[in-house]
1. Filter the stretch 108-158 down to the residues that are among the hydrophobic types (A, V, I, L, M, F, W, C) and part of a helix (DSSP H, G or I) and list them by number.
2. Please go through the stretch 2-55 and give me each residue that is part of a loop (DSSP other than H, G, I, E, B) and among the hydrophobic types (A, V, I, L, M, F, W, C), ordered by number.
3. How many of the residues in the stretch 130-180 are surrounded by fewer than 12 Cβ atoms within 10 Å (Cβ to Cβ) and touching a Gly at 6+ places or on another chain (Cβ under 9 Å)?
4. Condition first: farther than 11 Å from Asn128 by Cβ and either without any contact (Cβ under 8 Å) to a residue 40 or more places away in the chain or in a helix (DSSP H, G or I) (or both). Now tell me which residues in the stretch 94-107 satisfy that.
5. Tell me, which residue of the stretch 77-105 that is among the small types (Gly, Ala, Ser) and farther than 25 Å from Gln31 by Cα is surrounded by the most Cβ atoms within 10 Å (Cβ to Cβ)?
6. Of the conditions (1) surrounded by 16 or more Cβ atoms within 10 Å (Cβ to Cβ); (2) without any contact (Cβ under 8 Å) to a residue 12 or more places away in the chain; (3) small (Gly, Ala, Ser), Gly20 clears all except one; give me its number.
7. Return yes when Gly124 is at pLDDT below 95 and over 19 Å from Val42 (Cβ atoms) and no when it is not.
8. Give the residue, chosen from Leu80, Leu142, Leu55, Leu134, that is in contact with an Asp or Glu (Cβ under 6 Å, 6 or more places away or on another chain) and hydrophobic (A, V, I, L, M, F, W, C).
Amino acid sequence: MALTATVRRAELQISDMDRGYYANHSLTLAQHPSETDERLMVRLLAFALFADDRLEFGRGLSNDDEPDLWRRDYTGDPDLWIDLGQPDESRVRKACNRSREAVVIGYGGQATETWWKKHANAMGRHRNLRVIELDSQATEALGALIQRGMRFDVIIQDGEVQMLADHGSVTLTPMVRQALAE
């Protein structure tokens, strides 16, 4: 018998003082049976970091042709492509070629460090690529906050992110491994 996805609902009240973005988002996320709680919460955090009215979740683990999150322009072409974890170089190249801006959000501690050391030179060739690394203790703490129905106040200021819920909170500062080329 096939396992089915778990449906999670999240209410985010985002106050991003770095971008001047303030909005509420009601989100429905499908958690694939092979997706960990930590990864789902990193997807939610990624949404908060890049939130806007057109940002949406891709079909995720079940579809290799779509990113974890993306924003498409009004013609349907990818404008922003966000992948999580440690994607292979060909996937990053594809993301950079298909979209105006590509973002890789790494998490997982030593695995991300090893991935970055291996791919840093290749990643540096992409002028429209941003690489961000998240602290593994913070992402594990985020994973522990998962519930079927969640509500978070997300405050982003001076590069620091606070995700506050009734049942706990996490504060982290994403480390920028590679910024967009100017």
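1. Ala111, Trp115, Trp116, Ala120, Ala122, Met123, Ala138, Ala141, Leu142, Ala144
2. Ala2, Leu3, Ala5, Met17, Ala51
3. 1
4. Lys94, Val104
5. Within the stretch 77-105, the match that is surrounded by the most Cβ atoms within 10 Å (Cβ to Cβ) is Ser99.
6. Checking Gly20 against (1) surrounded by 16 or more Cβ atoms within 10 Å (Cβ to Cβ); (2) without any contact (Cβ under 8 Å) to a residue 12 or more places away in the chain; (3) small (Gly, Ala, Ser), the one that fails is (1).
7. yes
8. Just one listed residue meets the conditions, Leu80.
The values are calculated or read from the model by the stated rules, or taken from the named source; none is laboratory data. Note that the structure is a prediction, hence the values are computed from the model and not measured. Cβ: placed from backbone, ideal geometry, glycine included. Neighbour counts: every protein chain shown.
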